[in-house]
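Values quoted throughout were computed directly from the atomic coordinates according to the rules given, and no laboratory measurement underlies them. The structure presented is a predicted model; accordingly, all values stated were derived computationally and were not measured. Cβ placement follows ideal geometry from the backbone for every residue including glycine, while neighbour counts extend to all protein chains displayed.
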Amino acid sequence: MNAPETSPQSPSEADRAWRVSGQARWRLWEDEAVIYNGRSGDTHHLADFAAWVFGFLSRGPASEAGLTRAAETQIELTSGKAPGDAIARTLDLLRRLDLIERAA
Amino acid sequence: MREQTIFLRLGPFTAALTTPFDKVVEELRRLYPANFFQHQSDFADFHVQLLPGKGMRRHLRPQARFLIDGQEHFKPLPADQALPLVEWGLNYAIAGLAHNYLIVHAAAVEKNGRVAILPGAPGAGKSTLAAGLIHRGWRLLSDELALIRRHDGKVVPLARPVNLKNQSIDLMRRFAPSAVFSTPAHDTVKGTVALMRAPEASLARIDESAPPGWIVFPQWRQGAPARLDNFSRPAGLVEIAHNSMNYSLHGEAGFELLAGIFAKSGCYRFTYGDLNEAASAMNALAAA
């Protein structure tokens, strides 16, 4: 009996890549970032975890899953919890600030 | 009252001031060096007028009005506040028109070829700190508006009189007994204000711009020992952007300009309660 055919699995949300928005300009200093949003004209200061996420994406697109794997080895959250939820919340924050966008 | 027009140099700008207020012109001649005045000029960056009040009020309570290119941007003030009105009006003209510079609401003083930019809200003590430092080896570039040149990030001098308020006036009379002050104006929106002429050494170098070396956010606090604390560069950049008159106009270029300055400058919060201690701390910073 042949296995039923299935359609190719769509990437889950966690596997879709994020990247820094094309109109953003930034500088990274130690564990902080300052970012200019060319669309809104706003200038943002990120520190600690948000700066780490942005800094990671500034080096190339990454998925939520990829960020989570990197964070598990590089970051120790003060809450002691696993970084997955914090990654999701931070990506949402950066998206709403128009500092990151989905990679093509 | 006979109207006269004087052409006054304000750093890189020339202002044509037309006024019948003879006493204001006399005070300006005490506060600015003779070579900053011209009897006539083919060009002025700002055309301003200081005029008496209008209508019946001018007989009851004399007033002064300040106009820029014929437009009145301020409410009239009592005539005995005419001199500070001129200085505030000229600040407004520069801040509103000189967009070839990134303009920060900050004092700027120079030593050893580098500029300390001192941003701060009114009352933080930046003008008092600048007034003290320029009598202890620093050169005045500005007490109110730091003009940062876009193409090279250098600060351009204005070297205009320093605005002092309330207890800072007497403090500076004691700290710099040889300094020249205007007649104080009382009951202004800022309290009692007086203008202090820039030292001759600052005025003589009006054409010398200089690169930033430090961004120092001052805070005067009574009795506090002088203390410089490292301050986050990103936080400092955002704060200086908020203290800028025209950062938003410069867009991405403004961000890149400030980022370049912060990359090469120390960034500090500075608490002080005594000018001598403050000068020692800032001199040590400049010597490092």
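Computed on the Cα atoms alone, the convex hull of chain A gives a volume of 129 cubic angstrom per residue. Charge tally for B:Met172 (other residues, Cβ to Cβ under 15 Å; Lys, Arg +1; Asp, Glu -1): +3. List residues of segment B:252-288, by number, whose backbone nitrogen lies under 19 Å from a label position 7 Å along Cα→C-beta of B:Ala224. Under 19 Å, as judged by backbone N against the label point of B:Ala224, lie B:267-285 of segment B:252-288. Set the Cα radius of gyration of segment B:208-287 against 2.2 N^0.38 Å, with N its number of residues, and you get 1.21. The residue list B:Gln167, B:Leu129, B:Ala288 was ranked by how far each Cα lies along the charge dipole of chain B toward its positive end, using unit charges on Cβ atoms, and B:Gln167 comes out on top. Between segment B:187-242 and segment A:19-52, the C-alpha centres lie 27 angstrom from each other. Computed from point charges on the beta carbon alone (+1 for Lys and Arg, -1 for Asp and Glu), the dipole magnitude for segment A:15-102 about its Cα centre is near 380 Debye.
Under the criterion of Cα pairs below 8 Å and six or more residues apart, the relative contact order for segment A:15-102 equals 36 percent.
Which listed residue (B:Gly213, B:Leu203, B:Pro225) has the Cα farthest towards the positive end of the charge dipole for segment B:190-231, taking +1 on Lys and Arg C-beta and -1 on Asp and Glu C-beta about the Cα centre? Checking the options against the dipole of segment B:190-231, the answer is B:Pro225. Using only side-chain charges placed at the Cβ, +1 for Lys and Arg and -1 for Asp and Glu, the dipole size of the protein assembly as shown relative to its Cα centre rounds to 1120 debye.
Count Lys and Arg as plus one, Asp and Glu as minus one, and take only other residues whose Cβ is under 12 Å from that of B:Ala106; the net charge is then -2.
Near the amide H of B:Ser244, within less than 5 Å, lie the amide hydrogens of B:His105, all on another chain or at least 5 residues away, with H placed in the peptide plane.
Helices in chain A, meaning DSSP H runs of at least 4 residues, each add -39500 (n - 2.57). Divided by all residues, the mean residue ellipticity at 222 nm is -10500 deg cm²/dmol. For B:Lys23, a cut-off of 28 angstrom between C-alpha atoms picks up these lysines, skipping any fewer than 8 places away in its own chain: B:Lys54, B:Lys75, B:Lys165, B:Lys190.
The local environment of B:Pro157, defined by Cβ-Cβ distances under 15 Å, has a net charge of +2 under the rule Lys, Arg +1 and Asp, Glu -1.
Sparsely packed loop sites in segment A:19-92 (the GluC sites (Glu not before Pro) outside DSSP H, G, I, E and B with at most 14 other Cβ atoms within 10 Å) comprise A:Glu30, A:Glu76. Gain on full extension, evaluated as 0.36 nm per residue between B:His59 and B:Ala201 minus their Cα-Cα distance, stands at 46.8 nm. Figure legend: label point modelled 7 angstrom from the Cα of B:Asn35 along Cα→Cβ; residues of segment B:208-224 with amide N under 14 Å from it are B:208. Placing pseudo-labels 7 Å out from each Cα toward the beta carbon at B:Asp69 and B:Val189 gives an inter-label distance of 2.2 nm. With a 10 Å cut-off around each Cβ of A:14-25, the average count of Cβ atoms from other chains is 1.
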